[in-house]
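All remarks here apply to the structure that follows.
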Amino acid sequence: MNLIKKGVGYTVITSMLLTSAVLPFGNASASELDNQENTVAIQQQANHSILSDYEINLLDPYVNFDFAGKTFSISSEANTELSPELYNKLDNQISLANAQIQQLDLNSQAQAQIPQAMAAAYVNGKTDIDFHWWGATVYLSRNTLIGLGGGIAIGGLWIPEPVVSKVLGSLGIALGTAASITGGVKFDYKYIGVIPAMLPFAISNVSFQ
């Protein structure tokens, strides 16, 4: 498990085969599906707005993460330095993030099934996720994209197929042609506090790995 500033990283060791931490929809376990339902329930409690990258960069310095307690918190400076509107927005987002992160599997570690040479790793990319207070940075390998069904679960977080299709579409690639990708894709997924219908629009900073 990798830890990053103000977030938690969940790393899947990439192999030529998909590992148990990367589950196509048809093979999702009962616990993964429970997490999916819980995620949707939390999103339905939230407002419909999606944080902009500007807001994330503005608010990020005021967010702390307690690794032992697995919770986000707001620094005391935010009370005086942020407007009431921005503070309330951040407070709402942190509440949702803390409810979400308690459901995620931050301790699991997938084991590679086949050792992979550096050249093959470059072609395939990696499947990985870093959790933040505003959502997650997601990495999807070429092999993961090729095997995608109705969606994918990483570390307990369900990412539906329409989101992945939107990511690929922004790069000018159709999901059915994912085999042409070298190195996989990477994107920011601002799913926390967003209703399910808006999830395909809760992405930014899409790029190839």
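The values are calculated or read from the model by the stated rules, or taken from the named source; none is laboratory data. What you see is a predicted model, and the numbers here were worked out from it, not measured in a lab. Quick reminder, even Gly has a Cβ in these numbers, built from the backbone with ideal geometry, and neighbours come from all protein chains shown. Protein only, heavy atoms only, side chains kept; ligands, DNA and RNA dropped before computing areas. Shrake-Rupley method; radii C 1.70, N 1.55, O 1.52, S 1.80 Å.
Worth a mention:
- Note on N88/L175: beta-carbon distance plugged into 1/(1 + (r/R0)^6) with R0 of 45 Å gives a FRET efficiency of 0.75.
- Placed amide H near T71: partners under 5 Å, 5+ positions off or other chain: D66
- Angstrom value of the Kirkwood radius, inverse mean 1/r, which spans all Cα pairs in region 164-209: 11.2 Å
- Peptides 72-84, 133-145 ranked from most to least packed give 133-145, 72-84, packing being the mean of other C-beta atoms within 10 angstrom over each peptide's residues.
- The largest accessible area among F131, F67 belongs to the first residue in F67, F131, and the rest follow in falling order (1.4 Å probe, all chains).
- Region 115-209 gives an Rg/Rh value of 0.95, both radii derived from C-alpha positions and Rh following Kirkwood.
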